[in-house]
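The values are calculated or read from the model by the stated rules, or taken from the named source; none is laboratory data. The shown structure was predicted, so the numbers you read here are calculated from the model rather than taken from an experiment. Cβ placement follows ideal geometry from the backbone for every residue including glycine, while neighbour counts extend to all protein chains displayed.
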Amino acid sequence: MSNELEFLSQRVAKGRLTRRDFLGRAAALGVTATVANSMLAAAARAEGPVKGGMLKAGLQGGESSNVLDPALNLSQVNFNFGKCWGELLVELAPDGSLEHRIAESIGSSDDAKVWTMKIRKGVEFHDGKSVTPEDVVATLERHADEASKSAALGILSGIDSMKASGDEAIITLKEANADFPYLMADYHLVIQPNGGKDNPNAGISAGPYKVTVDEPGVRYGGEKFANYWQGDKLGHADQVEIIVINDPTARTAALQGGQVNMVNRVEPKIVDLIKRVPGVTVQTASGRGFYPFNMFCDTAPFDNNDLRMALKLAMDREELLEKILRGYGTVGNDFPINEAYPLFSTDIELRKFDPEKAAELYKKSGHSGSILLRTSDVAFPGAVDAAQLYQQSCAKAGITIEIKREPGDGYWSEVWNKQPFSLSYWGGRATQDQMYSTAYVSSADWNDTRWKRPEFDKMVATARGELDQDKRKAMYRDMAEIMRDEGGLIVPFFNQYIDASGKGVQGWVANPAQEMCNGHALVRCWLEA
Amino acid sequence: MSSPILKLIVQRVALGIVLLFAVSLLIFVGTEILPGDVAQSILGQTATPQALAALREELGLNDPAYVRYLRWLGGVLSGDLGTALTSGHDIASSISDRLANTLFLAACAAVVAVPLAILLGLLAVRYRNGPVDKAISAFALASTSFPEFFIGYLLVFFFAVKWQFFPAISTVFDGMSFIDRLHAVALPATALTLVVLAHMMRMTRAAILNVMQSAYIETAELKGLRPLEVIRKHAFPNAIAPVVNVVMLNLAYLIVGVVVVEVIFVYPGMGQYLVDHVAKRDVPVVQAVGLIFAAVYILLNIVADISAILANPRLRHPK
């Protein structure tokens, strides 16, 4: 029976049998529609990408004030469109490794201070010029210059000098950094002719699609770039379009009505409903983003580690994951790293809800009275509910939490990183080092738990310069345990990216780095014939 | 047309212009007291003090308020609305597309809503206090009582998702044919029609009923005219002034008050454009859009006033 079905599914993939006939045959053979559909999908994949057509995405996160300059890309729409027209030196592959794009190879000196990137030959910009090492250096220069206001300024601040030489770009760092290649995968660092110094908004790079429509806050369009250097592998559709749909209901309706082929940001509470819609597939990827409860380690009463530990033990993470994210995530362990990062140690013990132990430590801390927790709808979807659930689990340990609901406007300037106990979110970074350096070293602007330990800073710096991966992994394990047991961070869960694709969309590969296959959904996917 | 009318019209227009100046001052003061610093919101949280100072200088934020007001006003009077702080685009050209879209949607809704509301109002009067009147009122009031987003989502659910007659999102762009555009805005225009219908319908009904109490209506009835004829020939012309007023008010609403409908149907109009730029504290854009909205309101009110005068013989022929 299955042989016959398999044969038939291949005939569908080749276009010799209609989908409807196939499903009819499958039903006659007693196979459920779900199994039959998945057989079809497998056959379509085996058949390879279908070229041509038009792929459309409906995305949240675009405003009419957006510009094309990749240095200023902050919201999801520009991020996704940037992946259509832009080409980076390297990209993060779905398994967390690096995929070499414009940089054919990257090597370093033994002290991880001087990095040499060999620039691939035969890569062409949309304006017909070839990509040169000079363009690469100019791009990095522009982003490293404060005047560009680039969001990548921070990650380039470690660069001491750079130059182009032959077919290589050579970067010298101020301090050793074994993660340098990963930094080059930052989505802002789109390689532009002369670094985009002439016109950063021109939308010209070496990506699979040329910019044809640029209507900020409304829609963006791209047309296949005939000379894309790996056009056989990526960029299957002739045209791609992004429609900005900030309203979640409108986004879902557009997917159901067939006006778009894929959407981002499906809300956890409606995932089960979306799953029932014929032809729609919910696409999840476990990401690196998490929703922390931040305590200031240097402000009373949170300067007492017994109290911090009591507050950590009084959190019922399983309950929060189930009720707030409907299970679309993984429980956190009170340090900012999870298995989606390279060099993660999976054997660190998970913290369990333990009200008795929490009550005991709370008594030991000597604190009395209620503890003020600030939350807001803008901290993350469900943040107010999460605070209330936490209040209840704390009550089981005899800890009184008082919740203050703050207005969304001004939360990021007045509450987050200003008040000693509040809810927030972090998007995650490409490497463990980036995450720790952004928020958990003494000098960091965004040290939102006031975690200031000179010995920890030293560990971060040492691990950054270590080229031996095993040693590095062990260092990161030690750091994780210190943070978990002494830090000011309570992590209920890491959230998943939840996107959805519509009828006939094939080729989706989940990527933990970001939503929408790390922004590549439009260039990776195709519509089955 | 006699000169007193011309004089009245000139007076109204002059008053409108004075009002517009007053509004421009209010808008400027309003954007001045918006919390948050423009330079800070452009550069973000990690901005250095030097960068902030440089940007403030560049934007002329260090000048006193009245200097900036006069500079802005001068620009507006010479047709220059300035450039958006966030994107550097010319505001006038960005707005013109958006404004055209908004006017198109408003026109589509008005073309259906205004005649329909007046017709329903007339019918309600003709069959007043009967089942037809009750049914019309119930339908119109119900459609107005539901919030716009609810009506919008209902339309999307049935017409876009279930039956797929119309698209769920109303993206329009240059190069789209007129028919395609109509097809795209069908659902938002319907939603807007339902929202403004009741107000105009009820007002028409009330105004005509008011006139129906007059002695000359009784005369008309007694001389044997059919009920609809009485309404059309004698009652309606005398009720035009209040009806025009409420129609203009609703037209203004269709242009300046449709943010929610624009968001639900992802329609690229003025509302969404304004909201995006308020969030970014992009003051020149907020001022420009505010001024345009104010001008629309004032203009439509002048039209309402003048129509009321023209429609009223007592005002047309002063003693």
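Exactly one residue out of A:415, A:441, A:460 is within 14 Å of chain B (Cβ to nearest Cβ) and among the β-branched types (Val, Ile, Thr), and it is A:415. Taking only region A:416-432 into account, find how many residues are within 29 Å of residue A:179 (Cα to Cα) and in contact with a Leu (Cβ under 9 Å, 6 or more places away or on another chain). Total meeting the criteria: 4. When residue A:201 is tested against (1) part of a helix (DSSP H, G or I); (2) touching a helix residue (DSSP H, G or I) at 6+ places or on another chain (Cβ under 8 Å); (3) over 30 Å from residue A:273 (Cα atoms), just one condition goes unmet, and that condition is (2).
Number of residues in region A:151-173 that are surrounded by fewer than 16 Cβ atoms within 10 Å (Cβ to Cβ) and either in contact (Cβ under 8 Å) with a residue 40 or more places away in the chain or under 18 Å from residue A:85 (Cα atoms) (or both): the value is 2.
Those strands (runs of 3 or more DSSP E) of region A:273-390 in which 1 or more residues are on the phi < 0 side of the Ramachandran plot, surrounded by 15 or more Cβ atoms within 10 Å (Cβ to Cβ) and basic (Lys, Arg) occupy A:281-290, A:371-375. Only one of the listed residues (B:274, B:209, B:225) is part of a helix (DSSP H, G or I) and away from chain A (no Cβ under 14 Å). That residue is B:209.
Can we say residue A:29 is modelled with pLDDT under 85, crowded, with 19+ Cβ neighbours inside 10 Å and away from chain B (no Cβ under 13 Å)? Criteria not met by residue A:29.
Take the residues of region B:277-298 that are of a type in the set (Gly, Ala, Ser) and within 13 Å of the chain's Cα centre (by Cα): which is nearest to the other protein chains (Cβ to nearest Cβ)?
By that ranking, first place goes to B:290.
For region A:213-244, residues that are among the hydroxyl-bearing types (Ser, Thr, Tyr) and in a loop (DSSP other than H, G, I, E, B) total 1. If the condition is being among the aliphatic types (A, V, I, L, M) and touching a residue at least 24 places away in the same chain (Cβ under 8 Å), then region B:62-91 contributes B:65, B:73, B:76, B:81, B:84, B:85, B:91.
Is at least one residue of region B:114-129 touching a Pro at 6+ places or on another chain (Cβ under 6 Å) and part of a helix (DSSP H, G or I)? Checked region B:114-129: at least one residue is touching a Pro at 6+ places or on another chain (Cβ under 6 Å) and part of a helix (DSSP H, G or I). Counting residues in region A:453-460 that are closer than 25 Å to residue A:98 by Cα and within 21 Å of the chain's Cα centre (by Cα) gives zero. Of the residues making up region B:147-158, those that are surrounded by fewer than 19 Cβ atoms within 10 Å (Cβ to Cβ) and either more than 9 Å from chain A (Cβ to nearest Cβ) or outside any helix (DSSP H, G or I) (or both) number 4. Inspect region A:131-144 for any residue being part of a loop (DSSP other than H, G, I, E, B), farther than 28 Å from residue A:469 by Cβ and at pLDDT 95 or above and give the result as yes or no. The answer is yes; a qualifying residue exists. Of the numbered criteria (1) more than 14 Å from the chain's Cα centre (by Cα); (2) part of a helix (DSSP H, G or I); (3) not acidic (Asp, Glu), the one residue B:266 fails is (2).
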